[in-house]
């Protein structure tokens with residue numbers, strides 16, 4: 001049998017293809033992340049300072065995004081709001097997806113009663129409407145940032161679990177998993193080394209989508225007054241507190257809406273246009 | 001215009017992911033006369049299917065016809081517009097796919113799909129088309145031809161579906177029919193029926209055909225001429241008897257040689273070592289799927305009270321058709337499917353039914369190699385990681401010791417060491433199967449269960465793997481349980497052969513005696529169904545109709 005051997009071994013440098021939409025959306029996401037981290041250095045005015053005697057002020061050189069219902073600088077408030085929106089959502093997404101994906105893979109690999117019990121329990125959790133669940137929890141224990149993060153994480157864990165389990169079940173039937181199993185490998189190795197590397201792509205996509213859902217739910221809760229509490233405000237809360245400016249066409253109500261839209265759309269586009277590894281088998 | 005098909009200097013190129021151009025077909029010429037059947041033969045990647053598809057004016061995604069001409073009945077398929085091509089497809093040139101099961105729409109009745117071509121091309125009224133289809137069903141010797149069209153694809157067997165897909169191709173009275181490995185996925189006893197049906201229909205209708213296959217024996221039965229391909233180039237063209245009796249090209253000779261591998265020399269290893277000690281013994285082992293009933297037997301019994309003994313250094317072949325329980329048996333021995341009853345002894349000691357209850361040492365000494373290296377190797381891990389894990393797991397090897405052992409393993413299976421940095425997808429089928437084997441060797445086993453490990457490989461590559469298994473046995477004193485549906489490969493490596501039918505072991509006998517007059521009637525049927533290189537084999541083959549009725553599933 002002929003085996004093609006390249007005379008000299010050259011290390012493989014995997015090429016990646018990343019399109020323009022991907023770059024643009026990545027830029028938006030990175031920009032918002034930078035804003036969240038650097039907010040204190042970027043804000044032209046104090047977040048809580050009433051700097052304008054007028055309320056719902058128009059865009060001007062001094063207040064690029066106008067002022068809010070109390071005459072506070074809108075740009076500063078949005079820059080600071082990014083901290084809560086991005087930070088809380090990111091923390092909740094990471095908790096939800098780590099738990100969900102780990103449990104999902106474990107359930108797929110273990111099967112049997114563990115899978116059945118866990119699946120039914122998380123299905124039950126999933127059947128509670130997410131906003132209602134958020135409302136009940138916040139009404140019960142009050143709103144604070146840890147409570148918000150945990151609530152959002154719990155709401156989105158079942159979906160992540162279902163998704164990962166569905167993917168892992170397919171990989172689990174492959175012969176290489178059987179080989180590892182009859183080698184005597186433990187659960188941790190099976191899910192970490194055999195399953196996860198083969199589902200990581202879709203899992204990342206799912207993480208992104210879930211992040212968007214969480215941003216929107218957090219904004220929704222804040223809009224209802226149950227999210228981040230004044231004087232701090234995330235973007236959802238900014239929309240709510242300035243909703244009175246809508247009849248005046250005030251930038252104070254538009255700007256945070258655009259901020260939410262730009263982040264969620266950018267994350268979505270980024271997921272759809274993740275860099276693709278160029279595979280050239282005959283090379 | 002003297003020939004129906006004239007292919008001149010055909011070139012097909014593909015664009016790779018990175019944008020590089022690769023020539024797949026490098027200037028191929030051949031003709032097909034009216035009513036002639038020409039076979040394209042070669043290993044996978046030789047371009048045989050690509051050439052066959054160009055006759056339809058079609059190339060797979062990413063490929064294009066880069067030059068040359070393909071004249072079919074005076075028209076150049078390479079120059080036609082897509083609209084003109086669709087008019088020709090089905091009415092002038094038709095196609096019979098490899099997997100009929102994937103080609104039929106499971107949601108539509110068979111008749112509607114068979115006569116679809118007459119509807120698309122507006123060839124005849126529906127009633128006439130249905131009458132013609134029934135006629136074709138009869139010509140293809142399908143059971144109950146009047147009513148089979150009202151069934152859905154899942155309600156007929158694989159062999160029947162393959163014949164139905166031929167009916168689908170023939171209904172538009174094409175001048176040329178392309179058969180793309182139509183019997184590769186079928187059992188040997190089924191394959192005969194299908195081949196016979198194809199041959200008689202083609203003879204009656206005087207259509208020309210292109211038969212794509214990697215199986216020289218099958219091709220010998222049906223083709224008038226053979227085109228041998230390798231690497232997108234024609235190696236040799238000749239009539240079937242010329243190619244079989246006087247092959248000129250070395251590659252053709254290699255193909256012919258691979259067809260009849262040298263038999264196994266009597267087990268010397270067994271004679272030297274303590275031969276009496278069985279490495280594996282099965283005592284009335286039953287296994288199956290589904291809920292166990294009241295008496296503890298599973299709903300579907302796949303293995304029914306199988307017993308055998310395998311001595312150290314010897315090899316046992318298990319053959320049978322698909323569904324006979326041979327793979328389930330391997331999985332039962334490996335502890336993947338625990339037996340419902342019976343006992344497995346490994347090295348004289350009873351082992352736990354389930355792999356998770358066996359000791360690490362028992363697991364290490366009994367390894368299994370699966371049929372498809374594509375699914376048996378983790379696509380996300382490099383060859384180094386795949387081979388390194390059992391070394392670390394069983395032997396605790398780390399660092400340089402582990403790397404040295406990986407190199408040794410790659411040497412053992414005759415793979416270049418540089419391959420260890422690649423992913424499985426970057427290897428050829430034969431290379432992957434070698435890695436699959438090397439992983440089992442990494443455990444330092446006493447016994448390897450080989451589950452159809454050569455079935456997915458080309459003849460020449462499979463023969464090389466068999467040779468490798470023999471070498472490894474000499475060097476490492478292994479024993480094999482070799483499961484296959486292919487009698488030739490089993491005979492090439494095994495001392496004894498067990499024949500399985502519907503979950504039962506019908507007999508066990510020395511490899512040389514399989515199929516002899518003394519054997520079980522089913523073994524005789526199975527052996528007589530294996531195609532031979534003799535072109536007159538199919539026509540002369542007479543099968544006992546009672547035997548066929550009793551055992552062949554068709």
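The values are calculated or read from the model by the stated rules, or taken from the named source; none is laboratory data. The shown structure was predicted, so the numbers you read here are calculated from the model rather than taken from an experiment. So basically every Cβ, Gly included, is an ideal-geometry build from the backbone, and we count neighbours across all protein chains shown.
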### Which listed residue, of A:176, A:163, is within 11 Å of chain B (Cβ to nearest Cβ) and modelled with pLDDT of 90 or more
A:176
#### Entry: Of all residues in the range B:335-362 being facing chain A (nearest Cβ under 7 Å) and crowded, with 22+ Cβ neighbours inside 10 Å, the one that is nearest to the chain's Cα centre (by Cα)
B:335
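State yes or no: is residue B:10 touching a strand residue (DSSP E or B) at 6+ places or on another chain (Cβ under 6 Å), more than 14 Å from every other protein chain (Cβ to nearest Cβ), touching a residue at least 40 places away in the same chain (Cβ under 8 Å) and within 29 Å of residue B:194 (Cα to Cα)?
Working: touching a strand residue (DSSP E or B) at 6+ places or on another chain (Cβ under 6 Å): yes; more than 14 Å from every other protein chain (Cβ to nearest Cβ): yes; touching a residue at least 40 places away in the same chain (Cβ under 8 Å): yes; within 29 Å of residue B:194 (Cα to Cα): no.
No; evaluated as a whole, the condition is false for this residue.
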#### Entry: Within the range A:185-199, considering residues that are assigned to a helix (DSSP H, G or I) and within 9 Å of chain B (Cβ to nearest Cβ), the one farthest from residue B:396 (Cα to Cα)
A:198
### Task
Give the range B:15-74 a look and list any residue that's modelled with pLDDT of 85 or more, under 30 Å from residue B:257 (Cβ atoms) and in a loop (DSSP other than H, G, I, E, B), or say none.
B:36
### Task
Could you check how many residues of the range B:125-146 are buried (at least 17 other Cβ atoms within 10 Å of the Cβ) and not in a helix (DSSP H, G or I)?
3
### Query
Considering the range A:47-74 alone, what residues qualify as being closer than 16 Å to residue A:235 by Cα and in contact with a helix residue (DSSP H, G or I) (Cβ under 8 Å, 6 or more places away or on another chain)?
A:47, A:65, A:66, A:67, A:68, A:69, A:74
#### Entry: Residue, nearest to residue A:107 (Cα to Cα), within the range A:137-171, restricted to residues that are surrounded by fewer than 21 Cβ atoms within 10 Å (Cβ to Cβ) and over 25 Å from the mean Cα position of the chain (by Cα)
A:170
#### Entry: Which numbered condition residue B:425 fails, given (1) under 23 Å from residue B:46 (Cα atoms); (2) surrounded by fewer than 18 Cβ atoms within 10 Å (Cβ to Cβ); (3) at pLDDT 85 or above
(3)
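Of the residues B:206, B:196, which is closer than 23 Å to residue B:536 by Cβ, in the same structural domain as residue B:93 (by TED's automatic domain parsing), under 21 Å from the mean Cα position of the chain (by Cα) and touching a residue at least 12 places away in the same chain (Cβ under 8 Å)? Talk me through it step by step, then tell me what you get.
Numbers: B:206 fails: under 21 Å from the mean Cα position of the chain (by Cα).
Only one candidate qualifies: B:196.
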### From the options A:33, A:108, A:27, residue that is crowded, with 17+ Cβ neighbours inside 10 Å and either modelled with pLDDT of 85 or more or under 25 Å from residue A:226 (Cβ atoms) (or both)
A:108
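Only residues that are in contact with a strand residue (DSSP E or B) (Cβ under 7 Å, 6 or more places away or on another chain) and at pLDDT 85 or above: list them for the range B:474-489, please. Please lay out each step first, then the result.
Taking the range B:474-489 as the starting set, the residues that turn out to be in contact with a strand residue (DSSP E or B) (Cβ under 7 Å, 6 or more places away or on another chain) are B:478-485, B:487.
Matches in the range B:474-489: B:478, B:479, B:480, B:481, B:482, B:483, B:484.
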#### Entry: the range A:189-207 - residue that is more than 14 Å from residue A:97 (Cβ to Cβ) and touching a helix residue (DSSP H, G or I) at 6+ places or on another chain (Cβ under 9 Å) and, of those, surrounded by the most Cβ atoms within 10 Å (Cβ to Cβ)
A:195
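Pick out, from the range B:367-475, the helices (runs of 4 or more DSSP H) lying fully within it that include 3 or more residues that are within 12 Å of chain A (Cβ to nearest Cβ) and touching a helix residue (DSSP H, G or I) at 6+ places or on another chain (Cβ under 7 Å).
Output list reads B:373-376, B:383-395, B:429-442.
Residue-by-condition table, conditions (1) under 16 Å from residue B:41 (Cα atoms); (2) in contact with a helix residue (DSSP H, G or I) (Cβ under 7 Å, 6 or more places away or on another chain):
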position: B:149; (1), (2): no, yes
position: B:160; (1), (2): no, no
position: B:169; (1), (2): no, no
position: B:172; (1), (2): no, yes
position: B:178; (1), (2): yes, yes
position: B:190; (1), (2): no, yes
position: B:232; (1), (2): yes, no
#### Entry: strands (runs of 3 or more DSSP E) wholly inside the range B:206-249 that include at least 2 residues being surrounded by 21 or more Cβ atoms within 10 Å (Cβ to Cβ)
B:208-213, B:225-230
## Note on the structure
When residue B:20 is run through (1) within 14 Å of another protein chain (Cβ to nearest Cβ); (2) over 17 Å from residue B:180 (Cβ atoms); (3) touching a strand residue (DSSP E or B) at 6+ places or on another chain (Cβ under 7 Å), the failure sits at (3)
### Summary
Over the range A:244-261, the set of residues touching a helix residue (DSSP H, G or I) at 6+ places or on another chain (Cβ under 6 Å) and more than 13 Å from residue A:82 (Cα to Cα) is A:245, A:246, A:252, A:253
### Task
Kindly indicate whether residue B:94 is assigned to a strand (DSSP E or B), touching a strand residue (DSSP E or B) at 6+ places or on another chain (Cβ under 6 Å), surrounded by 18 or more Cβ atoms within 10 Å (Cβ to Cβ) and within 14 Å of chain A (Cβ to nearest Cβ).
no
### Message
Any residue at all in the range B:159-172 that's surrounded by 21 or more Cβ atoms within 10 Å (Cβ to Cβ) and more than 24 Å from residue B:93 (Cβ to Cβ)?
### Response
yes
### Task
Within the range B:465-484, track down each residue that is surrounded by 20 or more Cβ atoms within 10 Å (Cβ to Cβ) and farther than 21 Å from residue B:258 by Cβ.
B:478, B:479, B:481
